[in-house]
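J.: Here it is: the structure, laid out below.
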């Protein structure tokens, strides 16, 4: 292992002392850790271009002071026990900044920068965790995926060593275009699609293109935290619009020019209601009149349990005002980090340039494997299978709630991977229920804990819990709701 030593061969300090002091500094700063090997004297001599005897003398001094140790017939290593006095001096060294200098302030130190919680800190001690948006871990098509990825690796050629089109793998974009035409009623082609690392990456791409300090960002209330917090970070003025049983209340839309409106019309997050056709047309008319864009997040539309799939808002758009976000995180898994954005034609070139500046595109191998999975028909079979699975788990949750609780209201159970539960009046607030449930080993979540931000400060907002069911077995669902009933 080469060491980053820099020696001044013509300086006043001897080479032996320079080696000793630099290695001791790396040990005390933790860059060389206890038990790690150090280069042999011959190897370090060749690296630095100096006499081997000079290295040996520096090592002897480090051994004498307890910084390194030799093991016969094995080699030389950083000592497991560093001298306490040296460690104390290193950790208590005072650093005085140069006169007139100030530490640079990073953007994340500024007030108001927030992000959504992605990992549940309590998860390991739960008998049932109703965390939202998590696919069933056993549903991933591992065997098929392994075969497809192996096949792609064998024929990869230069694909793994060269930069590719930042817009994404062309075969995957074609497969997506072919799928959204019949399933989402979106007439598009591969040139209008940009592959991204999931919906959050797509939101970031659009925000970089459309938002600047003082821009107007219309959001639903309540709204997905990942969108609202991201818009805040760009300095946008957030304009919340209330959601009722028919979705976004379009009568409250602002008379603002060049705005962006973020909506989840197929299965509103977090309440799960569907935006009515009348309001969809009103929203499109507002965008055309105000020269604004609508950002449609269609995060779990594949899981509609009754009736035909609802056409996407973009499928109704005739003026090019809708930017469509899709993801594979809910059907396959968030670990793949794959999603896509469908842009109106006039924004495509701008989006492609911005995507290039962001990260030069997504990993080739995962894109190519997913394209093969979709083109073979495997993806559609997988979606049908897990839709049926989630439908059974949703029914198990509804049955458990009906068995143990009277009153209240279930919202958004027609589709998706979660539902909202308006608590019966005789139960405590959602925050109190969440706390009691966690103490009993059950994860249920308020709007805020469930990655939503509610701009309504009234007491009514404290009556909602969100319950994800897709990653739990029917037995876990029944056990979790029964325990919740016991503790309440």
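The values are calculated or read from the model by the stated rules, or taken from the named source; none is laboratory data. Since the structure is predicted, the reported quantities are computational estimates derived from the model, not experimental observations. Reconstructed Cβ throughout: ideal geometry from the backbone, glycine too, with neighbour counts over all protein chains shown.
J.: Suppose the filter is closer than 29 Å to residue 388 by Cβ and either out of contact with any strand residue (DSSP E or B) (no Cβ under 9 Å at 6 or more places or on another chain) or assigned to a strand (DSSP E or B) (or both); does residue 311 pass it? Explain how you work it out, then say what you get.
T.: On the way: closer than 29 Å to residue 388 by Cβ: yes; either out of contact with any strand residue (DSSP E or B) (no Cβ under 9 Å at 6 or more places or on another chain) or assigned to a strand (DSSP E or B) (or both): yes.
So residue 311 fits the description; yes.
J.: Right, next: Considering each of 134, 142, 114, 93 in turn, give the residue that is surrounded by fewer than 14 Cβ atoms within 10 Å (Cβ to Cβ) and modelled with pLDDT of 90 or more. Even if it seems obvious, please write down each step before you answer.
T.: Working: 134 fails: surrounded by fewer than 14 Cβ atoms within 10 Å (Cβ to Cβ); 114 fails: modelled with pLDDT of 90 or more; 93 fails: modelled with pLDDT of 90 or more.
Sole residue among the options that is surrounded by fewer than 14 Cβ atoms within 10 Å (Cβ to Cβ) and modelled with pLDDT of 90 or more: 142.
J.: Turning to a different aspect of this structure: Out of (1) in contact (Cβ under 8 Å) with a residue 24 or more places away in the chain; (2) more than 21 Å from the chain's Cα centre (by Cα); (3) buried (at least 18 other Cβ atoms within 10 Å of the Cβ); (4) not in a helix (DSSP H, G or I), what's the single condition that is false for residue 255?
T.: Failed condition: (3).
J.: Here's another thing I want to ask about it. One residue is enough: does the stretch 425-447 have a residue meeting the conditions surrounded by 18 or more Cβ atoms within 10 Å (Cβ to Cβ), touching a strand residue (DSSP E or B) at 6+ places or on another chain (Cβ under 6 Å), within 30 Å of residue 239 (Cβ to Cβ) and touching a residue at least 40 places away in the same chain (Cβ under 8 Å)?
T.: Yes, that holds for at least one residue.
J.: Mind checking which residues of the stretch 289-308 are loosely packed, with under 15 Cβ neighbours inside 10 Å and not in a loop (DSSP other than H, G, I, E, B)?
T.: 289 - this is the single residue of the stretch 289-308 that is loosely packed, with under 15 Cβ neighbours inside 10 Å and not in a loop (DSSP other than H, G, I, E, B).
J.: Out of all the residues in the stretch 126-166, which are over 23 Å from the mean Cα position of the chain (by Cα), part of a helix (DSSP H, G or I) and touching a residue at least 24 places away in the same chain (Cβ under 8 Å)?
T.: Of everything in the stretch 126-166, those that are over 23 Å from the mean Cα position of the chain (by Cα), part of a helix (DSSP H, G or I) and touching a residue at least 24 places away in the same chain (Cβ under 8 Å) turn out to be 144, 148, 149, 151, 152, 153.
J.: Is it true that residue 85 is out of contact with any helix residue (DSSP H, G or I) (no Cβ under 8 Å at 6 or more places or on another chain) and either modelled with pLDDT under 65 or within 30 Å of residue 445 (Cβ to Cβ) (or both)? Write out each step before concluding.
T.: Numbers: out of contact with any helix residue (DSSP H, G or I) (no Cβ under 8 Å at 6 or more places or on another chain): yes; either modelled with pLDDT under 65 or within 30 Å of residue 445 (Cβ to Cβ) (or both): yes.
Considered against the rule, which asks whether it is out of contact with any helix residue (DSSP H, G or I) (no Cβ under 8 Å at 6 or more places or on another chain) and either modelled with pLDDT under 65 or within 30 Å of residue 445 (Cβ to Cβ) (or both), residue 85 comes out as yes.
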